[in-house]
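Here is the structure we will look at.
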């Protein structure tokens, strides 16, 4: 009997909580529905969706800093910046792709070898099937096997592909080393100008 009474009390409490929740939801709907209708947003179908929408609205409500130095750029300067950014991005993508290709067959530490010179030898001096008779072939082969992996066969085609990819990686790295600082300097001047702009300081500080 005692258990039944406590169960009934618990049910009464739950009904009371649900009633309060429904009342709160109704009040919330009466407030937000006109706002949502005005800005063209449908009412979220669940509490989770409502929380996500609130997070988005919080982000949108934050004032965004306007970097005046970007807005005053001449068209040719802006085009040059965009070109630098595009070229740097393309090189980074190529570099990552070449690294993935290389890692299928060799340890990336193979880049420590004189891969360009070795590529020249394997594609010219060693291209004959009698390459094993060539001076230096076995030395180059031994050096490459260190980065092939224990027990893995090393074929002529695999060697040429690995050395060619390694050479491309070095090309990309050298291009980035030469050009990326220039691009960063160009963009850096704009950011320095933005940091020196007192109108941005109040917006850039975290709230």
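Residue 174 satisfies every condition listed in (1) loosely packed, with under 14 Cβ neighbours inside 10 Å; (2) outside any helix (DSSP H, G or I) except (2). Just so you know, in segment 138-152 the residues that are in contact (Cβ under 8 Å) with a residue 12 or more places away in the chain and not in a loop (DSSP other than H, G, I, E, B) include one that is farthest from residue 112 (Cα to Cα), and it is 141.
Every listed requirement among (1) touching a helix residue (DSSP H, G or I) at 6+ places or on another chain (Cβ under 7 Å); (2) part of a helix (DSSP H, G or I); (3) in contact (Cβ under 8 Å) with a residue 24 or more places away in the chain is met by residue 121 save one, (3). Return only the number of the condition from (1) part of a loop (DSSP other than H, G, I, E, B); (2) under 19 Å from residue 175 (Cα atoms) that residue 111 does not satisfy. Result: residue 111 fails condition (1) only.
Out of the residues in segment 94-108 that are part of a helix (DSSP H, G or I) and out of contact with any helix residue (DSSP H, G or I) (no Cβ under 8 Å at 6 or more places or on another chain), which is nearest to residue 149 (Cα to Cα)? Per the criteria, the residue is 103.
Readers should treat all values here as calculations from the given coordinates under stated rules, not as data from a laboratory. Note that the structure is predicted; figures quoted are calculated from it, not measured. Virtual Cβ from ideal backbone geometry, glycine too; neighbours counted across all protein chains shown.
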